[in-house]
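Worksheet: the structure to be examined is printed underneath.
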């Protein structure tokens, strides 16, 4: 393990060159930016720092069609406002990795919107929960897969946040 770079100026990057923290396929290393005080990929110095500290990419949208796809390639926290009934689809789950989706599901000002889940979603007791239909209310759900998205274990974390 060694360090390189980091001349001490504002925004310099000290790069950790341990092979366990580098990606030989891209030539990128995990580096610490002394200017921002955050870890980042050295090959992406102009990009945002890695989301250490609990930050996650959040995708916010209103469903605009009969099918709403939650693609993990875009992030894994989704805030969806239902403006019509929808069937959810999940994509982008990595094979051989534990994958999770957090879904903040809100009714619009009309409320009473309904959802249907993919066939691979499994609920405790085998029964999907009843979601809140009240206008402007939010339910929070979590979906986890251990097999590349074939099966999703689902939980209603909280209901009727308003």
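The values are calculated or read from the model by the stated rules, or taken from the named source; none is laboratory data. It should be emphasised that the depicted structure is a prediction, and the values quoted were computed from it without experimental measurement. Don't worry about glycine lacking a Cβ; one is built from the backbone with ideal geometry, like all the others, and counts go over all protein chains shown.
Here are the numbers for the structure shown:
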| item | result |
| --- | --- |
| Residue 134, sole failed condition from (1) at pLDDT 95 or above; (2) out of contact with any strand residue (DSSP E or B) (no Cβ under 9 Å at 6 or more places or on another chain) | (2) |
| Number of the condition not met by residue 75 [criteria: (1) under 20 Å from residue 155 (Cβ atoms); (2) at pLDDT 95 or above] | (2) |
| Qualifying positions in the range 53-73 - surrounded by 13 or more Cβ atoms within 10 Å (Cβ to Cβ) and more than 27 Å from residue 110 (Cβ to Cβ) | 72 |
| Selection count where residues are in contact (Cβ under 8 Å) with a residue 24 or more places away in the chain, over 20 Å from residue 119 (Cβ atoms) and part of a loop (DSSP other than H, G, I, E, B), scope the range 63-84 | 3 |
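Yes/no per residue for (1) without any contact (Cβ under 8 Å) to a residue 12 or more places away in the chain; (2) surrounded by 14 or more Cβ atoms within 10 Å (Cβ to Cβ); (3) under 17 Å from the mean Cα position of the chain (by Cα):
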| site | (1), (2), (3) |
| --- | --- |
| 98 | no, no, yes |
| 104 | no, yes, yes |
| 124 | no, no, no |
| 130 | yes, no, no |
| 138 | no, yes, no |
